[in-house]
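Only one structure is covered here, and it is reproduced in the block below.
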Amino acid sequence: MMKRLLPIVLLSAALAAQSSPAPNAPNFDGNSWWGYVKVLASDQMEGRETGSDGLRKAATYIVDQLKADGLQPAGTKGFYQPVKFVSRQIDESGSSLALVRNGKDEPLVLGEDAMFSTRVDLAPQVDAPLVFVGYGLRVPEKKYDDFVGIDVKGKVVVLISGSPSEMPSALASHYQSMSERSKALREAGAVGMISIPNPASMDIPWSRMKLARTRPSMVLADSSLDESQGIKLLVVFNPADAEKLFDGSGHSFQEIADLAKDRKPLPHFPLPSGIKAKAKLIKTQVESDNIIAKLPGTDPKLKEEYVVLSAHIDHLGIGEPINGDRIYNGAMDNGSGSALVLDIANSLHRSHASLKRSVLFVWVTAEEKGLLGSKFFATHPTVPKNSMVADINTDMFLPIFPLKVLTVYGLDESDLGDMVRQVAEQQGIQVQPDPEPLRNSFIRSDQYSFIRQGIPAVAMKVGFVPGSPEAVTEKKWLTERYHAPSDDLDQPVDLAAAGKFEDIVQGLAIKVANDPQRPQWKSDSFFRRFMAQNSAAR
Ligand SMILES: [Zn+2]
């Protein structure tokens, strides 16, 4: 999910778009959508963990619906595109962490003080000095470099998540992604990283984060797609215990957190202790499928181009119980988006919408493992890469209060933003850019995999105005239900909001499919760079 303050330029494409047919009159009432959510998020689907029987069941259900509705398969095996993964799980009984101070080990309690992250291929043993590098960012565009003037070679860097206020949020998000972080660490010669979540922007409290720490993480089996290679250690440190790292350094974590809260510049300094890590990993092979269906276009030429509607179908499976419930159903995350794409696929097909371009409906797997299914699809698409003109992704759009304002991630980055604005405003809904750019939402869901291949993309959700009662409702939802078993079917949803939201997504898909021009990145968009990087490969 993830940015913003660029001027809107009405390009000729957007103007021309006004001559294409107006989006359909209100169409959805939320009931058909909720019907699908009820199946996908039922206990039978066991929380749809990547590679699980539960997820296979959910995938079969979607494919059965697609077949019944007469959509065309567009995977490599019918509707399916199998993807291979390696799963990595930490065996804490064979793992340990300690701070080393004056030659003495001070053991850390896994789950209390800190935890391993298997997002990197943890080395069996790491013994290295620690150095605090502030936000740990290297952003060439801003000539900003937290690694300059401090020796991190052979060391483990300690950083707090976040960015200084001078950093536009698109840059801040991009450079906090695991792939960019790994690159910066490798270039600086660091062997690993201890990341302290910024207490001012934590979605999930530590008490819940620690429950998930022994869940397997995954990487694509094709190691050329593993961008964290070479990083030997990744540890997440409990901010409540982080003073342990700073004791004797002349700085306190409180001082750092207070500065980071206001996005102020941070000092850089060596820490008095080193880290000693022993990590035991259990690795297994996993296979899981993306699902791809197509609605062919009608224009002899434009039908060779595709508007992609995507949503991730996987969630977290069965895990540590919270209030006696072990099934992480993922009704909003992302049963809601998977149901929406299915509902729109069926609606467009049944209404015999004749669209000029083809539409590709893509349910990706392994989003929760780091956008892996979408990364595989976007790098190995089942249609020519250059034929995908846009990605409209839906992830956790949260219809938990009435839809009065639509939040659009990527609103000011491409023509898609202008098109959303037109569609939404025709339906009486105002749009706004991400009100919380520091949550990095634009890079935190599957649209980012398409963006990195140069494809303009947008994601939307039911919005709120900062400071409003809806903002409180949303924050409460994140704290209590996000990635918890209570994101299930027993939660209040606003069906009318879901229906209106579907109307907008469908209206946008129709508009993009019929527009004479394919959407373009804005000339000043940060994300335009990927188009240039990838054009050679097309
Ligand atoms: Zn999620």
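Which value, in debye to the nearest 20, gives the size of the charge dipole of region 251-358 about its Cα centre, when Lys and Arg are +1 and Asp and Glu are -1 at the Cβ?
Here region 251-358 has a charge dipole of around 320 debye.
For a quick protection proxy, order the peptides 382-395, 190-203 by their average other-Cβ count within 10 Å, most packed first.
Highest to lowest by the protection proxy: 382-395, 190-203.
Suppose each label sits 7 Å from its Cα in the direction of the beta carbon; what would the S179-D490 distance come out to in nanometres?
Between S179 and D490, the simple spin-label model gives 4.1 nm.
Can you give me the pair-distance distribution of region 48-91, C-alpha pairs, 10 Å bins, whole percents?
24, 45, 22, 7, 2
When the C-alpha atoms of region 54-206 are aligned to their principal axes, what extent does each axis show, in angstrom, from largest down?
Extents along the principal axes: 68, 44, 29 Å.
Along region 176-190, what does the Karplus equation 6.51 cos²θ - 1.76 cosθ + 1.60 (θ = phi - 60°) give for ³J(HN,Hα), rounded to whole Hz, x for Gly and Pro?
Whole-Hz 3J(HN,Hα) from phi for region 176-190: 8, 5, 4, 5, 6, 4, 4, 4, 4, 5, 4, 4, 7, x, 6.
Starting from the Kirkwood radius over alpha-carbon pairs of region 375-464, derive D by Stokes-Einstein at 20 °C in a medium of 1.002 mPa s and give it in µm² s⁻¹. Intermediate values should be presented prior to the final figure.
On the way: Rh = 13.7 Å.
Approximately 157 µm²/s, per Stokes-Einstein.
Determine the shape class of the chain: with a ≥ b ≥ c the square roots of the Cα gyration tensor eigenvalues, call it rounded for a/c under 1.5, and otherwise prolate if a/b is greater than b/c, oblate otherwise. Present the calculation step by step, with values, prior to reporting the outcome.
Working: a/c = 1.78, a/b = 1.56, b/c = 1.14.
Judged from the Cα gyration tensor, the chain comes out prolate (a/c at least 1.5, a/b above b/c).
For region 144-256, rounded, prolate or oblate, judged on the Cα gyration tensor with a ≥ b ≥ c (square roots of eigenvalues), a/c < 1.5 rounded, else prolate if a/b > b/c?
It comes out rounded by the Cα gyration axes.
Only Lys, Arg, Asp and Glu count, each charged at its Cβ (+1, +1, -1, -1), so figure out the dipole size of the chain about its Cα centre, rounded to 20 debye.
Dipole about the Cα centre, nearest 20: 1240 debye.
What FRET efficiency comes out for M202 versus V109 if R0 is 25 angstrom and r is the Cβ-Cβ distance? Round to the nearest 0.05.
E(calc), rounded to 0.05, equals 0.80.
Around V359, which amide H atoms from residues at least 5 apart in sequence, or from another chain, sit under 5 Å from its own amide H, with H modelled in the peptide plane?
L295, G297, V307
So what are the ³J(HN,Hα) numbers for region 402-411, from phi and the Karplus equation (6.51, -1.76, 1.60; θ = phi - 60°), rounded to whole Hz, Gly and Pro as x?
x, 7, 10, 9, 9, 8, 10, 7, x, 4
Please work out the ratio of the alpha-carbon Rg of region 182-330 to 2.2 N^0.38 Å and round it to two decimals.
Against the compact-globule rule of thumb, the ratio is 1.47.
Roughly how many nanometres apart are two label points built 7 Å out from the Cα toward the Cβ at I322 and K57?
Simple spin-label model gives 2.2 nm for this pair.
Every number here is computed from the coordinates shown, using simple stated rules; none is lab data. Note that this is a predicted model, so its numbers are computed, not measured. Using ideal geometry, Cβ is built from the backbone for each residue, glycine included, and neighbour counts are taken over all protein chains shown.
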